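Structure first, then comments.
The values are calculated or read from the model by the stated rules, or taken from the named source; none is laboratory data. These numbers were taken from a predicted model, which means no experiment stands behind them. Methodologically, a virtual Cβ is constructed for each residue, glycine included, from the backbone with ideal geometry; neighbour enumeration extends over all protein chains shown.
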């Protein structure tokens, strides 16, 4: 809790509007989770910062995890940040995106490894976008991608940005 509060203080100094506690891999005790959320929400709120929940850790295997977790402190107490790449598999990813995008305030639009023709075998990027846009999510769409070679990372990020711009224009 001390570390989280220190990071909230740092975020306040920097003018950051959201902070995100990092979920562990094991499912937390619900009573402890609620107590911790309440304390962090109050501390952050006094500094005009919102606690952000992202589908990570123990939440990645359950399509209802983020929606259920938002109910713990209350839906107006936290923000939801979706990471399209963090779901454990596509059987969880697509239903989870449908359920979670209506609550989202931001999205890490993640592309994992892209092929030589910018194909993305892990999951359908356009379907992820369509799900969010169809749920009324206008953005921000934060591109999350990396490659060991800078020139490839740059080309792939440009490809992602251009496609996102095209999909938004067409929507």
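Overview of results
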| quantity | calculated |
| --- | --- |
| Any hit, the stretch 111-119, residues being within 14 Å of the chain's Cα centre (by Cα) and outside any loop (DSSP other than H, G, I, E, B) | no |
| Selection within the stretch 141-156 - more than 15 Å from the chain's Cα centre (by Cα) and either surrounded by 17 or more Cβ atoms within 10 Å (Cβ to Cβ) or part of a loop (DSSP other than H, G, I, E, B) (or both) | 146, 147, 148, 149, 156 |
| Conditions (1) out of contact with any strand residue (DSSP E or B) (no Cβ under 7 Å at 6 or more places or on another chain); (2) closer than 15 Å to residue 101 by Cα; (3) surrounded by 14 or more Cβ atoms within 10 Å (Cβ to Cβ); (4) at pLDDT below 95; number of the one not met by residue 78 | (1) |
| Single residue of 31, 10 found to be over 22 Å from residue 103 (Cβ atoms), assigned to a helix (DSSP H, G or I) and modelled with pLDDT of 95 or more | 10 |
| In the stretch 62-87, the residues that are in a loop (DSSP other than H, G, I, E, B) and farther than 19 Å from residue 143 by Cα | 62, 63, 64, 72, 73, 74, 75, 76, 77 |
| Count of the stretch 111-162 residues which are farther than 20 Å from residue 87 by Cα and in contact with a strand residue (DSSP E or B) (Cβ under 7 Å, 6 or more places away or on another chain) | 2 |
| Residue pairs meeting the criteria (Cβ under 8 Å; at least 6 apart or on separate chains; first on the phi > 0 side of the Ramachandran plot, in the stretch 97-126; second modelled with pLDDT of 95 or more) | 118/156; 118/159 |
| Residues (part of a helix (DSSP H, G or I) and surrounded by 21 or more Cβ atoms within 10 Å (Cβ to Cβ)) located in the stretch 120-140 | 125, 128, 129, 131, 132 |
| Residues being under 19 Å from residue 171 (Cα atoms) and in a helix (DSSP H, G or I) - total across the stretch 95-110 | 4 |
| Residue in the stretch 51-59 that is surrounded by fewer than 17 Cβ atoms within 10 Å (Cβ to Cβ) and touching a helix residue (DSSP H, G or I) at 6+ places or on another chain (Cβ under 6 Å) present | no |
| Meets criteria (part of a helix (DSSP H, G or I), touching a helix residue (DSSP H, G or I) at 6+ places or on another chain (Cβ under 7 Å) and surrounded by 17 or more Cβ atoms within 10 Å (Cβ to Cβ)) for residue 92 | yes |
| Residue check for residue 114: crowded, with 17+ Cβ neighbours inside 10 Å and more than 23 Å from residue 21 (Cα to Cα) | yes |
